[in-house]
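Each remark here refers to the structure printed beneath this line.
The values are calculated or read from the model by the stated rules, or taken from the named source; none is laboratory data. Please read all numbers here as calculations on a predicted model, not as lab measurements. Cβ atoms come from the backbone with ideal geometry, glycine included; neighbour counts cover every protein chain shown. The area values use the complete protein model at the heavy-atom level, side chains included, leaving out ligands, DNA and RNA. Shrake-Rupley method; radii C 1.70, N 1.55, O 1.52, S 1.80 Å.
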Number of protein chains: 2
Amino acid sequence: MSSFRLFAPSSRGGEEELDVLVVGAGPAGLTAALYLARYGVKTAVYAKEIGGQMAIAPLVDDYPGVPRVSGRELADRFVNHVRSYGVPIVIDELVDVRREGDRWVALFSSGRRVRCVAAILALGARKRRLGVPGEDRLLGRGVSYCAVCDGPMYAGKRVAVVGGGNSALTSALYLSSVASRVYLVHRRDSFRAMPIYVERARSDPKIEMVLRSVVTEIVGDDRVRGIKVRNVESGEERLIEVDGVFIEVGVEPPTELFRKIGIEVDEEGRAVVDKDMSTNLPGIFVAGDAAGGPKKYRFPQIITAAAEGAIAADAAWKYLQKARSGRGT
Amino acid sequence: MSSFRLFAPSSRGGEEELDVLVVGAGPAGLTAALYLARYGVKTAVYAKEIGGQMAIAPLVDDYPGVPRVSGRELADRFVNHVRSYGVPIVIDELVDVRREGDRWVALFSSGRRVRCVAAILALGARKRRLGVPGEDRLLGRGVSYCAVCDGPMYAGKRVAVVGGGNSALTSALYLSSVASRVYLVHRRDSFRAMPIYVERARSDPKIEMVLRSVVTEIVGDDRVRGIKVRNVESGEERLIEVDGVFIEVGVEPPTELFRKIGIEVDEEGRAVVDKDMSTNLPGIFVAGDAAGGPKKYRFPQIITAAAEGAIAADAAWKYLQKARSGRGT
């Protein structure tokens, strides 16, 4: 947590002028800032918190070249890398982005205004919580929101996956190649997932479907020991003993904020981006988990979020070149 | 160079059976292998050499979280990360991929055959060499093929960019924000680049156009000291003193091999890929510098190549699920 002390909240009010504003300090935002700084572009990172979803991962072993670190440690390394280029990182929460003349103006909860030619919004998307007892307390101690990230820790163990969409089904399938037993707990008895995944899961001897059922509690003292599951028809409740619970009940991208700004969103509430991470608003880019739409292959990992940040920075730099020639808006 | 000793060339002949074959050991191939191993997929990496273009970079400072390392060192870290999952890395050169029944069979120069359900070809794309005296000798000592990667080392210095396409123009524009002077040396007096970049470069006071001119030699003892430039009309030759030379005269993707295999290529000879890195051949994926086509934003960096490797691995895993259900081919 050491790096937190380095960041002061922005002073109340005040106005700053940047070439490219970066909002968000997860892997996408921090990588965008790194590239912009290397391009000699005047930039700064504004973020509600440091590290994004990366920072809450207990163990990251899928960021190539950096084996087995905590998400907190990896976030610190990203932050220090960005800071080595002298880029300010300011703790503040974005509340709106508006057009004023030939600039965008970002408004923050402190009252601060940042004027910029372009902005990269790397706001992330929080995984939706189940909202049951034990969930927050056992996060990182058996409770996970990413099977691909944390699955390898459950070799030969019993796990549960909660949810009924593509993410839940692929998580269950993936975990069945690692764990000894996978319970797939879903509120309905039909799935909102690709039929191929449903068929594969139904025929997988390691996967046991627990349908028409909801998790009412995650139990365990210092580690997950099991889940309490209630059948929604019979009302019957039982304990399933597991070592890990993977929760895949949807995501919460900053849809309302995108709508307020005027950024087009997809059916899951993510910003619709082109292959260069540009949105329907010229000069506004979205990278990382908050970016979606039909042109993007959605695979929310640190490495993919970071790459999108780099791409957004390159595209924003090109946008700056046009804007300076008086051709952009 | 320590890791090289760990890799034996494959024995002559022999046949291996894999779920997903990875060919290429640059950032794309190694990341693909890392993800496949974590998915519990039977995989191996076959490569002509380790590290790809990454390994020849003198200093890498744009891979987020790993500041200021040599490309060789970063390549070693990727390799060790992959090897921590027990994935074999074999030195051998791909010569063809053919369909045999319900499998792909990859043929290597040693005579080895690898049967697989899917393959990720991360073969890279070598930057085209100028082919002049001094170029190879001073590589990494003033000669570079990537302005975005190596540009920051030339703050306040004089540099030359050789070429006339988008890569040459954007390299010159980027370097003008870092270096004190940028000579743009181009064989013709018109450019194959976006007009906006040409206009910006022409009006940039730091950029001096050296047109209808070719570089005949890169001079310097242990570091670049200048370039010899000959005007193709007058034949007149002169020395331009520079500290760095950025060569952007095109790339050499493995086009002939792609054509032989039957993979569709774009106008630059790269494999045409969809957003999941799939090609026109079901089960054959291409990631990294060798991948192109209209759906990809081309920004050839370590971080973007690695992300493409992760995406290809995820897509190949999904392809495997279908193939195992008897729905794939």
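Screening chain A for whole DSSP H helices of 30 Å or more along their axis (Cα) with average Kyte-Doolittle hydropathy at least -0.5 returns A:302-324.
For segment B:143-247, the per residue solvent-accessible surface stands at 42 Å², with DNA, RNA and ligands left out and a 1.4 Å probe. For segment A:211-276, the list of trypsin sites (Lys or Arg not before Pro) that fall in a loop by DSSP and count at most 16 other C-beta atoms within 10 angstrom reads A:ARG212, A:ARG223, A:ARG225, A:LYS275.
Loop only per DSSP, at most 14 neighbouring Cβ atoms within 10 Å: give me the trypsin sites (Lys or Arg not before Pro) in segment A:56-101, ordered by residue number.
Values: sites: A:ARG68, A:ARG72, A:ARG77, A:ARG83, A:ARG98, A:ARG99; in loops: A:ARG68.
Within segment A:56-101, the qualifying trypsin sites (Lys or Arg not before Pro) (loop, at most 14 other Cβ atoms within 10 Å) are A:ARG68.
Report the GluC sites (Glu not before Pro) located in segment A:212-245 that are in a DSSP loop and have at most 14 other Cβ atoms inside 10 Å of their Cβ, or state none.
Values: sites: A:GLU217, A:GLU233, A:GLU236, A:GLU237, A:GLU241; in loops: A:GLU233, A:GLU236.
Passing both the DSSP loop test and the Cβ count: A:GLU233, A:GLU236.
To the nearest 20 Debye, how big is the dipole of the protein assembly as shown about its Cα centre, given +1 on the beta carbon of each Lys and Arg and -1 on that of each Asp and Glu? Provide the component values of the computation, followed by the final result.
On the way: 94 positive and 82 negative charges, 18 e Å.
About 80 debye.
Counting only C-alpha contacts under 8 Å and six or more residues apart, can you give the relative contact order of segment A:271-329 as a whole percent?
Details: 66 pairs, mean separation 19.3, N = 59.
That works out to 33 percent.
Scanning chain A for the Cβ atom closest to the axis that brings A onto B yields residue and whole-Å distance A:ALA307, 2.
Of the solvent-accessible surface of chain A, computed with a 1.4 Å probe over protein heavy atoms with every protein chain present, carbon and sulfur atoms account for 47 percent. Contact with the other protein chains removes 30 Å² or more of accessible area, compared with the isolated chain and a 1.4 Å probe, from these residues of segment A:78-97: A:HIS81. Take the accessible area of chain A alone and of chain B alone, subtract that of the pair, and you get about 5000 Å² summed over both chains, using a 1.4 Å probe.
Counting every pair of alpha carbons in segment A:143-247, the share spaced more than 24 Å apart comes to 15 percent. Here A:GLU236 yields copy-to-copy label distances, from shortest upward, of 9.6 nm, the label point defined as 7 Å from Cα along Cα to C-beta. Computed over segment A:143-247, relative contact order equals 30 percent, with contacts defined as Cα pairs under 8 Å that lie 6+ residues apart.
Taking 0.36 nm per residue of sequence separation and subtracting the Cα-Cα distance, how much length would be gained by fully extending the chain between A:MET194 and A:SER180, in nm to one decimal?
Working: separation 14, 0.36 × 14 = 5.04 nm, distance 2.42 nm.
Difference between extended and current length: 2.6 nm.
Taking all Cα pairs closer than 8 Å and separated by 6 or more residues, the relative contact order of chain A comes to 20 percent.
Under the classification rounded if a/c is under 1.5, otherwise prolate if a/b is larger than b/c and oblate if not, where does the protein assembly as shown fall, given a ≥ b ≥ c as square roots of the Cα gyration tensor eigenvalues? In terms of gyration-tensor shape, oblate. The modelled label-to-label distance for the pair B:GLU241/B:LYS42, using points 7 Å beyond Cα in the direction of Cβ, is 6.4 nm. Using alpha carbon centroids, what distance separates segment B:290-314 and segment B:111-132, in Å? A separation of 15 Å, based on Cα centres. For the cross-link pairs A:LYS296/B:LYS318; A:LYS228/B:LYS42; A:LYS295/B:LYS48, the ones whose C-alpha atoms lie over 27 Å apart are A:LYS228/B:LYS42; A:LYS295/B:LYS48. Across identical copies of the chain, A:GLY262 has label-point separations of 5.1 nm, listed in ascending order, with the point defined 7 angstrom from Cα along Cα→Cβ. Each DSSP beta bridge with both residues in the protein assembly as shown is either parallel or antiparallel, and the antiparallel ones are about 40%.
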